[in-house]
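Worksheet: one structure, shown below.
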Amino acid sequence: MTRSIDIAVGGHICLDIIPQFPTSARSADIAPGKLVQVGPALRSTGGAVSNAGLALHRLGIQTALIGKIGDDEFGREIVQILNGHSPQLTEHIVMTPGQTTSYSIVISPPDADRIFLHCPGANDTFTAKDVDPEQLGALGARMFHFGYPPVMRQMYLDDGYHLARLMSKLREHGITTSLDMCSVDPSSEAANVDWRRILENVLPQVDLFLPSFDELAFMLCDEDWDQPTHDRLVQLATEMLQMGAAVVVIKLGDRGLFVRTTSSAARLGEKMGRAAPGQLDEWTDQEITLPSFCVQSVGATGAGDCAVAGFLMGLLRGWSPRDCARAAAAVGAASVEAADATSGVPHWSELEKRIAAGWKTARS
């Protein structure tokens, strides 16, 4: 591989099988004993590697994908789909003999958030050894984004040892690190680990932390926090910064997103690696709340990952935190205009025109 890259996206990858619902369908119809008629199943790649990675690729960022799949029918389909975007995207996808490829059945009615039936498969064997920071550095990578430790067993065992080691190795090579989470199945092994302890071990090695409010509330809050009030967002973001992250972006679904940055210019500068912001005064000690853009939703699959892609794109291009947040909101909104995660995401120039033309937000 000789091409240069701006970012590598690693972690969870799977095949998404998404039954297409008619617009008249309602989530209340999905109940035990009922027959719900749907259209053809859309099959697409899913997980953070595919969702965030393909979104970055479509936005115009030079991207490498790093993930593990099995040598089975689903694995071969993932490679075929990714090759359809660019054969270069599959150069770091490892097909492991004898392992099962991860897949998700995504239930995404038009009027409700998604339900996932998920098999982790080969993702459970992913460790720090599956990423070569020296090679990424040689390719010019300025940033590494990792997604979905809660459905990658080796990444949450032993208080997040492999995840912390991976992030540490990347930062030793000057690569800016970014981390996203996903929902935790309350009945799974991942629900019984100490996520606060994991984050305390991992976040000192993480430059950008981009979870959702629901994910953070599950991992850190003893009480039932179902509403992202401003005070709660500030409390969670402040705690994540105190643990070691430089920038915290909390995704709020159709409510938009909340950004909080460290008050330490040194942490945002040289300590943040190759993708550190150029204008430190713009990034130091900032708090930003942005609403979502108004769209006709078709499916919310992968919208959070696409929002992450928008934010990371902005940072790689040297933008201010508010402009990065606006890009995140725009890319996330474009994503929900299609049933799969990324086919609704165009090149950034198209979204830029849409914003300039007066694209309305939820507060407009």
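The values are calculated or read from the model by the stated rules, or taken from the named source; none is laboratory data. Remember, predicted model here, so these are calculated numbers, not experimental data. Virtual Cβ from ideal backbone geometry, glycine too; neighbours counted across all protein chains shown. The accessibility values were calculated without ligands, DNA or RNA, using every heavy atom of the protein model including side chains. Shrake-Rupley method; radii C 1.70, N 1.55, O 1.52, S 1.80 Å.
For A265, work out the one condition from (1) at pLDDT below 95; (2) open to solvent by 30 Å² or more (accessible area, probe 1.4 Å) it doesn't fulfil.
Here A265 clears every test but (1).
Looking only at the range 268-290, how many residues end up being free of Cβ contacts under 8 Å to residues at least 12 places away in the same chain and surrounded by 15 or more Cβ atoms within 10 Å (Cβ to Cβ)?
So the count comes out to 1.
Could you please give the count of residues in the range 61-85 that are over 16 Å from G46 (Cβ atoms), within 18 Å of the chain's Cα centre (by Cα) and of a type outside the set (A, V, I, L, M)?
2
Give me the residue from the range 341-362 that is under 21 Å from L210 (Cα atoms) and of a type outside the set (G, A, S) and, out of that set, nearest to the chain's Cα centre (by Cα).
Our first condition is that a residue be under 21 Å from L210 (Cα atoms); within the range 341-362, this holds for 341-342, 345, 348.
Remaining after also requiring of a type outside the set (G, A, S): 342, 345, 348.
Numbers: T342: 12, V345: 15, W348: 18 Å.
Top of the filtered list is T342.
Within the range 42-57, does at least one residue satisfy the condition of being assigned to a strand (DSSP E or B), touching a Gly at 6+ places or on another chain (Cβ under 9 Å), within 23 Å of P133 (Cα to Cα) and not charged (D, E, K, R)?
no
Does A28 count as open to solvent by 10 Å² or more (accessible area, probe 1.4 Å), among the aliphatic types (A, V, I, L, M), out of contact with any Asp or Glu (no Cβ under 8 Å at 6 or more places or on another chain) and not in a loop (DSSP other than H, G, I, E, B)? Let's see the steps before the verdict.
Numbers: open to solvent by 10 Å² or more (accessible area, probe 1.4 Å): yes; among the aliphatic types (A, V, I, L, M): yes; out of contact with any Asp or Glu (no Cβ under 8 Å at 6 or more places or on another chain): yes; not in a loop (DSSP other than H, G, I, E, B): yes.
Yes, satisfied.
Could you check, for the range 304-312, whether at least one of its residues is charged (D, E, K, R), over 22 Å from E239 (Cα atoms), at pLDDT 95 or above and in a helix (DSSP H, G or I)? Steps first, please.
Of the residues in the range 304-312, the ones charged (D, E, K, R) are 305.
From the residues that got through so far, the ones that are over 22 Å from E239 (Cα atoms) too are 305.
Applying the additional criterion that residues be at pLDDT 95 or above yields 305.
Remaining after also requiring in a helix (DSSP H, G or I): 305.
Among the residues of the range 304-312, at least one is charged (D, E, K, R), over 22 Å from E239 (Cα atoms), at pLDDT 95 or above and in a helix (DSSP H, G or I), which makes the answer yes.
Output yes when any residue across the range 228-244 is open to solvent by 20 Å² or more (accessible area, probe 1.4 Å), modelled with pLDDT under 95 and assigned to a loop (DSSP other than H, G, I, E, B), and no when none is.
There is at least one residue in the range 228-244 that is open to solvent by 20 Å² or more (accessible area, probe 1.4 Å), modelled with pLDDT under 95 and assigned to a loop (DSSP other than H, G, I, E, B).
Collect the residues in the range 276-296 that are aliphatic (A, V, I, L, M) and either over 21 Å from the mean Cα position of the chain (by Cα) or outside any loop (DSSP other than H, G, I, E, B) (or both), keeping them in residue-number order.
Step one: list which residues in the range 276-296 are aliphatic (A, V, I, L, M), which gives 276, 280, 288, 290, 295.
Answer for the range 276-296, where residues must be aliphatic (A, V, I, L, M) and either over 21 Å from the mean Cα position of the chain (by Cα) or outside any loop (DSSP other than H, G, I, E, B) (or both): L280, I288, L290.
Kindly check whether there is at least one residue in the range 43-57 that is surrounded by fewer than 24 Cβ atoms within 10 Å (Cβ to Cβ) and of a type in the set (A, V, I, L, M).
No; the residues of the range 43-57 include none that is surrounded by fewer than 24 Cβ atoms within 10 Å (Cβ to Cβ) and of a type in the set (A, V, I, L, M).
Condition test on A300, is it open to solvent by 10 Å² or more (accessible area, probe 1.4 Å), in contact with a Leu (Cβ under 7 Å, 6 or more places away or on another chain), of a type outside the set (D, E) and not in a helix (DSSP H, G or I)? Lay out the reasoning, then the answer.
Details: open to solvent by 10 Å² or more (accessible area, probe 1.4 Å): yes; in contact with a Leu (Cβ under 7 Å, 6 or more places away or on another chain): no; of a type outside the set (D, E): yes; not in a helix (DSSP H, G or I): yes.
Answer is no for this residue.
Which of the residues spanning the range 151-187 are part of a helix (DSSP H, G or I), touching a residue at least 60 places away in the same chain (Cβ under 8 Å) and surrounded by fewer than 24 Cβ atoms within 10 Å (Cβ to Cβ)?
R171
Within the range 255-275, track down each residue that is in a loop (DSSP other than H, G, I, E, B) and of a type in the set (D, E, K, R).
Pass one, the range 255-275, residues in a loop (DSSP other than H, G, I, E, B): 256, 262-264, 269, 273-275.
The one that is in a loop (DSSP other than H, G, I, E, B) and of a type in the set (D, E, K, R): R274.
Only one of (1) buried (at least 22 other Cβ atoms within 10 Å of the Cβ); (2) out of contact with any Asp or Glu (no Cβ under 9 Å at 6 or more places or on another chain); (3) not polar (S, T, N, Q) fails for A112. Which number is that?
If we test A112 against (1) buried (at least 22 other Cβ atoms within 10 Å of the Cβ); (2) out of contact with any Asp or Glu (no Cβ under 9 Å at 6 or more places or on another chain); (3) not polar (S, T, N, Q), just (1) comes out false.
Consider G358 carefully, then state whether it is assigned to a helix (DSSP H, G or I), farther than 13 Å from D254 by Cβ and either hydroxyl-bearing (S, T, Y) or without any contact (Cβ under 8 Å) to a residue 40 or more places away in the chain (or both).
Numbers: assigned to a helix (DSSP H, G or I): no; farther than 13 Å from D254 by Cβ: yes; either hydroxyl-bearing (S, T, Y) or without any contact (Cβ under 8 Å) to a residue 40 or more places away in the chain (or both): yes.
Judged against the criteria, G358 is not a match.
Kindly check whether there is at least one residue in the range 90-100 that is of a type in the set (S, T, Y), more than 29 Å from R171 (Cα to Cα), at pLDDT 95 or above and surrounded by 17 or more Cβ atoms within 10 Å (Cβ to Cβ). It would help to see each step written out before you state the result.
Filtering the range 90-100 for residues of a type in the set (S, T, Y) gives 90, 96, 100.
If we keep only those that are more than 29 Å from R171 (Cα to Cα) as well, we get 100.
Retained after the next criterion (residues that are at pLDDT 95 or above): 100.
In the following step, the residues that additionally are surrounded by 17 or more Cβ atoms within 10 Å (Cβ to Cβ) were identified as 100.
Yes.
Looking at this structure, is V9 touching a helix residue (DSSP H, G or I) at 6+ places or on another chain (Cβ under 9 Å) and without any contact (Cβ under 8 Å) to a residue 24 or more places away in the chain? Full working, then the answer.
Working: touching a helix residue (DSSP H, G or I) at 6+ places or on another chain (Cβ under 9 Å): yes; without any contact (Cβ under 8 Å) to a residue 24 or more places away in the chain: no.
Criteria not met by V9.
Being closer than 14 Å to G10 by Cα and open to solvent by 10 Å² or more (accessible area, probe 1.4 Å): is that true of Y148 here? Give the steps one after another, and end with the answer.
Working: closer than 14 Å to G10 by Cα: yes; open to solvent by 10 Å² or more (accessible area, probe 1.4 Å): yes.
Considered against the rule, which asks whether it is closer than 14 Å to G10 by Cα and open to solvent by 10 Å² or more (accessible area, probe 1.4 Å), Y148 comes out as yes.
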